[in-house]
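So the structure is just underneath, and the comments pick up after that.
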Amino acid sequence: MIAFFSGTGNSKWVAQKLGVLLEQEVVNITSVASDDFIKVKILVIPVYAWGVPRWVKQYLITAELPQKIDIVLTCGDDIGMTDVELRNFFSKRNSRMNSCHSLQMPNTYVALPGFDTDSQDVVSKKMENAHIRLQVIAERLKDSKEVIDVVRGGFPRIKSYILRPLFNHCLTGDKRFKVDTKACIHCNRCADICPVQNVRMTDEGIPKWLHHCADCSACYHVCPKHAIQHSSFTKNKGQKKLI
């Protein structure tokens, strides 16, 4: 069984492609009971701020883990020390991370200056490379190879051990989301796409966040009128075409 967590579709796409290549069932981790996670052989998750998404980490803490598991991490550029974080986590829970691969996918983080969605040329190149790399990853997974093949990027320890805690303390959660009520067309797409049901529509048809945000920004990207902003930094930023 392949399980995935996905907000904007990158990890879902990867999991589905691997499901075809490996002829395995693919499930959304949000629909997997914690006791059933022991059946999962491959976990596909995004990297948020050079680490495991907070929602995923909380889920794994309560889950019954398999003896070994293979991990595929999707990222815009690099993963920092995320593979080490996962290796240590599973080891402490008497499980084992058998392999870990990272895979570059279209960037979705836009909430700070200097971060934006990729150009169409970059998206096309990343997707072309992703198809090729998935073939390699799938062959290794078939053979149960023990391998760590990831892009940690420059200064990975600074990113994961210094910048990430600051990021999680100051910039996560849903309190920074704002809605342009004049632009909102009350389409409900933001509520429908939220992977953890953190968005609810008010009686007036305006999205309201319920404060258990997964930090995926899917609600921002899916809005057809760009009516949702994550602070002033996202004004005039791009929106990822959701897979």
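Tabulated data
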| quantity | calculated |
| --- | --- |
| Segment 167-178 - residue that is touching a residue at least 60 places away in the same chain (Cβ under 8 Å) and crowded, with 16+ Cβ neighbours inside 10 Å and, of those, nearest to residue 77 (Cα to Cα) | 167 |
| Set 184, 213: member being closer than 19 Å to residue 53 by Cα and crowded, with 17+ Cβ neighbours inside 10 Å | 213 |
| Candidate set from segment 116-166 (those that are among the acidic types (Asp, Glu) and within 18 Å of the chain's Cα centre (by Cα)); member that is surrounded by the most Cβ atoms within 10 Å (Cβ to Cβ) | 118 |
| Qualifying positions in segment 194-219 - in contact (Cβ under 8 Å) with a residue 24 or more places away in the chain and on the phi > 0 side of the Ramachandran plot | 211, 215, 217 |
| Residues satisfying the stated conditions in segment 56-77, i.e. assigned to a loop (DSSP other than H, G, I, E, B) and in contact with a strand residue (DSSP E or B) (Cβ under 8 Å, 6 or more places away or on another chain) | 67, 76, 77 |
| In segment 1-33, residue surrounded by the most Cβ atoms within 10 Å (Cβ to Cβ) [restricted to those that are of a type outside the set (A, V, I, L, M) and more than 30 Å from residue 170 (Cβ to Cβ)] | 13 |
| Selected residue [of a type in the set (D, E, K, R), surrounded by fewer than 22 Cβ atoms within 10 Å (Cβ to Cβ) and over 16 Å from the mean Cα position of the chain (by Cα)] from 57, 39 | 39 |
| Pairs with Cβ under 7 Å, 6+ apart, first in segment 225-243 and over 13 Å from residue 110 (Cα atoms), second outside any loop (DSSP other than H, G, I, E, B) and of a type outside the set (Asp, Glu) | 227/179; 242/221; 242/222; 243/10; 243/12; 243/13 |
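Any read-out appearing in this document is the output of simple, stated calculations on the displayed coordinates, not a laboratory observation. Everything numeric here is computed off the predicted structure, so don't read it as measured data. Cβ atoms come from the backbone with ideal geometry, glycine included; neighbour counts cover every protein chain shown.
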